Amino acid sequence: MDPVQDVGQVMQDMEQAIGVFETYVPAPLWPWLIVSIGLVIALTLHAVLWRPVRRFCHGRSGLVFTVLPRLRRPSRLLILMLVSLLLVNVAGLPEVWSAGLTQGATATLMVIIGWIFTVALDVACQRFLGRLPEDTEDNLSLRKQATQVRMIQRIGRLLIILLTAALVLSSFDAVRQFGVSLFASAGAAGLVLGFAARPVLANLMAGIQIALTQPIRIDDVVIVEGEWGWIEEITSTYVVVRIWDWRRLVVPLSYFIEKPFENWTRESGSIIGAVTWHLDYTAPVAEIREKLEEIVRGSSRWDKKVVNLQLIETDRDSITIRALMSARNSPIAWELRCEVREKMLEWLQREHAESLPKVRTQLQINQSPSEDAPVQMHKRAANG
């Protein structure tokens, strides 16, 4: 068959099909039909092309191969918006509809681009965190890196959201004119908006400071508002402190920049625990010191660094001795203190019960003259 005749036949068939559609479909619906068919074709094309992309990325390592599978939905919406922008201008829609749809598609396109950047940032940070060893409990460098990456992720997402929102709003003429007039006047409205945005900006600046100066890190042991716990999560606006009894204390991010707090693991996870006893003056301090070293050295919780006994105070009725012992971190130090306290008390009760605190009372019996009077009267009666 002649190719020219084939093309002519196809064109003739298309003209007949268009004639049939013109007969049964009203003319005002033609632009909408074109847009709808174009969107369906775009969805089908995306589904067909996505399969080889997914197969190509499956089982491969690398940032690109990790990011691509998570871009399925954003890429689908991106193609739909691009096709919509193209078809709206080609299909011949009414001016009102064309302008509105173009404006909406442009704003949606900006949101999708911001979404893609957010996904890429999240994947990059998760890949970096996934390469860190899981046991970062006593590794200052690893905890520092994990905290910095998480803060960069939070701040980056916040900046992407703010920038995307600003671009979307600036795409509307009314909002753009309002913003220009607001910045030009710098009047009361600007002051009100600036004051309203102060908490957000304060937390943003606090997040940048924390990422750079590292006053707190993930898994740091801190005392905040009188509560002892671990830094569990650092977000762009608040910090979650996991308290020892599994409660959660949520603290604004700016708190750790503006107010003092205790960080027990700022430089190292190791910590010294203390146990005190109040004993009698007869307590054998030298023997207690030897027993303390025996208990601590026999414990698996001790980190083999510090063990010492000191007599720190004396008062009228008792003495106070303090035992010092070190451990790898604060939870283990707490358990070591409890172990030493219990075993030392058992030993004192068994070997030196007289050394436990006691109250001394001395009684003196003195006879008064009234008690001698009946004896003197009895002697006088006998003599008489």
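The values are calculated or read from the model by the stated rules, or taken from the named source; none is laboratory data. Just so it is clear, the structure is predicted and the values come from calculations on it, not from any experiment. Here the Cβ is made from the backbone with ideal geometry for all residues, glycine too, and neighbour counts use every protein chain on show.
Given the condition among the polar types (S, T, N, Q), more than 40 Å from the chain's Cα centre (by Cα) and closer than 15 Å to Leu292 by Cβ, answer yes or no: does some residue in the stretch 330-349 qualify? No, the stretch 330-349 contains no residue that is among the polar types (S, T, N, Q), more than 40 Å from the chain's Cα centre (by Cα) and closer than 15 Å to Leu292 by Cβ.
Residue-wise test of (1) touching a Pro at 6+ places or on another chain (Cβ under 9 Å); (2) modelled with pLDDT under 80; (3) among the β-branched types (Val, Ile, Thr); (4) within 20 Å of Thr118 (Cα to Cα).
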residue	(1), (2), (3), (4)
Thr44	no, no, yes, no
Val48	no, no, yes, no
Phe65	no, yes, no, yes
Leu71	no, yes, no, yes
Pro74	no, no, no, yes
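Taking the listed residues Ile271, Ile312, Ile257, the one that is of a type in the set (A, V, I, L, M), under 21 Å from Trp228 (Cα atoms), modelled with pLDDT under 95 and in contact with a strand residue (DSSP E or B) (Cβ under 7 Å, 6 or more places away or on another chain) is Ile271, with no other qualifying. Restricting attention to the stretch 203-222, which residues are at pLDDT 75 or above, part of a helix (DSSP H, G or I) and surrounded by 11 or more Cβ atoms within 10 Å (Cβ to Cβ)? Hits for the stretch 203-222 are Met205, Ala206, Gly207, Ile208, Gln209, Ile210, Ala211.
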